[in-house]
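The structure appears below as structure tokens.
The values are calculated or read from the model by the stated rules, or taken from the named source; none is laboratory data. On a predicted model such as this, the values are computed, not experimentally measured, just so you know. No Cβ is skipped: glycine too gets one built from the backbone with ideal geometry, and neighbour counts run over all protein chains shown.
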Amino acid sequence: MLADSPTSWTATFPAPSLAVLAARAILVEHSLTTDADGLVGVAAGISTAEVTELGQLGESLPYLRARQLAALAEAEQILADSATREVAVGTIEADYGFQEFGTQALEGFESPTRVWQVTHPQLRRAFREMRTAERRHNNLPARTNSFVGRIDEIEDLLHILAEARWLTIVGGAGTGKSSLAVRVAMEVIEEHPDGVWYLDLRDYPPTQALESILAQAFRIRVSPGWTDAEALSVGMGGWQALVLLDNASSHAAQIADRLSSLLKLAPGVQWIVTSRRRFRNSPHHEYSVAPLNLDPNRPMESDSVQLSPSAHAKRTGPLP
């Protein structure tokens with residue numbers, strides 16, 4: 001066993017199945033708790049290699065891979081490489097499983113590492129997906145035409161967004177509020193390490209709860225017995241991201257209460273909402289967008305946001 005730090009250690013096992021069993025036992029014994037700094041728990045990374053590859057434990061590639069996998073894992077999560085899965089499958093109890101969790105570029109390795117999450121009835125499964133080097137940091141709608149006018153509005157909204165957790169852009173049909181929101185979101189992509197993500201709420205039934213929509217859109221795994229809100233607390237709780245909820249009018253009845261709760265569940269997430277209706281008695285900053293002043297004789301000087309006619313068909317891209 002090698003102590004990396006007061007809160008981190010590494011051990012070797014003669015078989016990957018034994019490493020998985022040990023990791024599961026440790027995670028179950030040290031369940032998720034809360035202290036002054038927030039949620040605290042144990043995470044594990046497992047890498048398998050031939051004995052000849054080990055060398056000095058603190059310097060070997062399997063050690064480096066296991067340590068980086070542990071760093072990628074969230075509290076109460078076990079991540080393993082493909083070699084661990086290949087050897088362990090068939091030699092470990094049937095109630096254990098390996099669920100593909102993405103591909104990650106790890107420091108010191110030329111090829112990306114295929115990552116697997118260890119599953120077991122005693123382990124929870126609600127985790128946000130890894131942000132890999134190959135993943136995009138936004139799925140904002142493509143804009144094929146230039147943004148025209150409204151420079152003052154953009155600056156106003158960016159100023160508000162610098163301080164606000166929840167910004168609502170309100171305006172009637174045809175005011176350009178959605179395009180304005182997308183333009184503002186584009187300006188702050190680099191400020192959100194976990195990305196800027198767009199959801200058009202017209203794609204979801206008005207009766208579907210917002211927590212369910214988000215869990216579905218972000219593919220957050222909901223363990224049996226968990227509510228969507230509990231899964232989001234774990235899956236999005238550590239995010240530093242911005243979520244744009246477009247066309248929220250049809251969901252207005254639930255947005256105020258549910259989004260207020262999400263501000264607490266995901267303290268690092270900012271929200272931009274566009275709607276034709278106002279949300280009263282909610283902790284948000286509201287910005288009203290006036291109707292477009294289109295002058296057919298001088299279109300390039302109009303206060304408008306121009307999108308191609310096919311922009312609506314392109315609006316929903318893959319989420320993280």
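Annotations
- If you go through the stretch 157-187 and pick out every residue that is within 20 Å of the chain's Cα centre (by Cα) and surrounded by 17 or more Cβ atoms within 10 Å (Cβ to Cβ), you end up with 9.
- Tally, over the stretch 163-185, of residues that are closer than 16 Å to VAL269 by Cα, not aliphatic (A, V, I, L, M) and not in a loop (DSSP other than H, G, I, E, B): 2
- Here THR168 does not qualify as over 20 Å from HIS284 (Cα atoms) and among the polar types (S, T, N, Q).
- Checked against the criterion of being at pLDDT below 90, surrounded by fewer than 21 Cβ atoms within 10 Å (Cβ to Cβ) and under 25 Å from ARG150 (Cα atoms), the candidates GLU190, GLU230 yield just one match: GLU190.
- GLN99 being closer than 16 Å to GLN77 by Cβ, modelled with pLDDT of 65 or more and exposed (fewer than 15 other Cβ atoms within 10 Å of the Cβ): yes
- Filtering the stretch 202-240 to residues that are assigned to a helix (DSSP H, G or I), of a type in the set (S, T, N, Q) and in contact (Cβ under 8 Å) with a residue 24 or more places away in the chain leaves only SER233.
- The test for being surrounded by 13 or more Cβ atoms within 10 Å (Cβ to Cβ), part of a helix (DSSP H, G or I) and not aromatic (Phe, Trp, Tyr) does not hold for VAL115.
- For the stretch 241-287, residues that are within 16 Å of HIS192 (Cβ to Cβ) and either touching a strand residue (DSSP E or B) at 6+ places or on another chain (Cβ under 6 Å) or basic (Lys, Arg) (or both) total 9.
Every residue, every condition in (1) closer than 20 Å to LEU18 by Cα; (2) touching a strand residue (DSSP E or B) at 6+ places or on another chain (Cβ under 6 Å), yes or no:
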{"position": "ALA70", "(1), (2)": "yes, yes"}
{"position": "ILE78", "(1), (2)": "yes, yes"}
{"position": "VAL87", "(1), (2)": "yes, no"}
{"position": "ASP95", "(1), (2)": "yes, no"}
{"position": "GLN104", "(1), (2)": "no, yes"}
{"position": "HIS120", "(1), (2)": "yes, no"}
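- Residue match in the stretch 47-60 (condition: at pLDDT below 85, in contact with a His (Cβ under 8 Å, 6 or more places away or on another chain) and surrounded by fewer than 19 Cβ atoms within 10 Å (Cβ to Cβ)): no
- ALA252 vs. criteria part of a helix (DSSP H, G or I) and buried (at least 18 other Cβ atoms within 10 Å of the Cβ): no
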